């Protein structure tokens, strides 16, 4: 069994890790950290969500920072504001025992850009950014990336499926020749392969965690066949069996997410919706309530739920099949995190059986039928 010390992580960070109960490295940390600390050159890591990727790249970045220089030395791109804030918070926790402070700034859309510009004028060593907001800052010449040594693309497939291809191209071109790129992704669609071929070294180090197990093996996958008009009652019956356990219900459209939420509230289930048309302050309010345990069920669309990391979610329900196979990976990956067991239930009509079999085949998983 490897320890963080075996991987080359310095004592000051190990002390902070122990304090937040991160004691044993995960598979991706064991495979990535020694290379990223020693070499730090271009790197591609394929691993599903919830496997400890933030520490896998975060610890080597923190160890490479020279805190005496006030420049931005590392840039981390994340698909959503929520995930970006989480990353910054976790890195901050890792720095508790460093003798000279390492400054981390998180920038994202939906917040006042002027306040973020003011923050960036202070000494900043690491910036965690959403692609759209970073492009805005670059256009205003409000951020200096001329000193960065490392660019991390975290959840790269999610960034592309959210429509950030143009922004990523712009950022990668802007920083070309100045940095090494570390790319982390749960899936490797063609668009990711194009980015790798265009912007990364052909000698990039590649690692895969559970290559034949893209979806977390701690998740039990089940499906149930029902008519469309039976779904509300079946969902309610399922949620009753879960007691006080919390979970996510995924819908394909905003309208469906709102309808499902209204029905759950009418049945006295503490639920709320999360969809793309919400204002950022509304999103923040719902996410705060869910993370604090005040909400039991979050009903979400695929894009709105990107970057959600809530501990101890017992289950995920696919109320409607996802549009893309990789969305199934991202949806299911919200449960069964950090070594916990998870449960994924898909509700389909008879006509959708073929589509479900396609998901099984592409992801190399077995989804077992539940008979009512």
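The values are calculated or read from the model by the stated rules, or taken from the named source; none is laboratory data. Owing to the predicted nature of the structure, the values given are computational and were not obtained by experimental measurement. Ideal geometry is used to build each Cβ from the backbone, glycine not excepted, and the neighbour counts take in all protein chains shown.
A few comments on the model shown:
Quick grid of which residues meet (1) outside the structural domain of residue 299 (by TED's automatic domain parsing); (2) free of Cβ contacts under 8 Å to residues at least 24 places away in the same chain; (3) not in a helix (DSSP H, G or I):
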{"site": "184", "(1), (2), (3)": "yes, no, yes"}
{"site": "229", "(1), (2), (3)": "no, yes, no"}
{"site": "244", "(1), (2), (3)": "no, no, yes"}
{"site": "248", "(1), (2), (3)": "no, no, yes"}
{"site": "256", "(1), (2), (3)": "no, no, no"}
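- Every condition in (1) modelled with pLDDT of 95 or more; (2) farther than 30 Å from residue 45 by Cα; (3) within 20 Å of the chain's Cα centre (by Cα) is met by residue 196 except one, and the failing one is (2).
- Answer residue from the range 196-206, given it is touching a residue at least 40 places away in the same chain (Cβ under 8 Å) and touching a helix residue (DSSP H, G or I) at 6+ places or on another chain (Cβ under 8 Å) and is surrounded by the most Cβ atoms within 10 Å (Cβ to Cβ) among those: 205
- Applying the set (1) buried (at least 23 other Cβ atoms within 10 Å of the Cβ); (2) without any contact (Cβ under 8 Å) to a residue 12 or more places away in the chain to residue 112 leaves exactly one unmet item: (1).
- Within the range 94-109, the residues that satisfy the criterion of being touching a residue at least 40 places away in the same chain (Cβ under 8 Å) and surrounded by 15 or more Cβ atoms within 10 Å (Cβ to Cβ) are 94, 95, 98, 102, 109.
- Total residues in the range 359-372, condition in contact with a helix residue (DSSP H, G or I) (Cβ under 7 Å, 6 or more places away or on another chain) and either exposed (fewer than 12 other Cβ atoms within 10 Å of the Cβ) or closer than 9 Å to residue 225 by Cα (or both): 1
- One residue from 74, 16 being assigned by TED's automatic domain parsing to the domain that holds residue 147, under 27 Å from residue 334 (Cα atoms), over 18 Å from the mean Cα position of the chain (by Cα) and touching a residue at least 24 places away in the same chain (Cβ under 8 Å): 16
- Test: residue in the range 258-278 that is free of Cβ contacts under 8 Å to residues at least 24 places away in the same chain, assigned to a loop (DSSP other than H, G, I, E, B) and more than 18 Å from residue 243 (Cα to Cα): yes
- Applying the criterion of being at pLDDT 95 or above and not in a helix (DSSP H, G or I) to the residues of the range 50-67, the residue that is nearest to residue 181 (Cα to Cα) is 65.
- Tally, over the range 19-49, of residues that are part of a helix (DSSP H, G or I), at pLDDT below 95 and surrounded by fewer than 17 Cβ atoms within 10 Å (Cβ to Cβ): 2
- Criterion violated by residue 67 - all others in (1) surrounded by 15 or more Cβ atoms within 10 Å (Cβ to Cβ); (2) over 26 Å from residue 288 (Cβ atoms); (3) in contact with a strand residue (DSSP E or B) (Cβ under 8 Å, 6 or more places away or on another chain) satisfied: (3)
- Within this structure, residue 118 passes the test of being surrounded by fewer than 15 Cβ atoms within 10 Å (Cβ to Cβ) and without any contact (Cβ under 8 Å) to a residue 12 or more places away in the chain.
- Residue ID - surrounded by the most Cβ atoms within 10 Å (Cβ to Cβ), chosen from residues in the range 308-355 that are modelled with pLDDT of 90 or more and in a helix (DSSP H, G or I): 352
- Residue identified as modelled with pLDDT under 95, more than 20 Å from residue 333 (Cα to Cα) and within 24 Å of the chain's Cα centre (by Cα) among 278, 205, 287: 278
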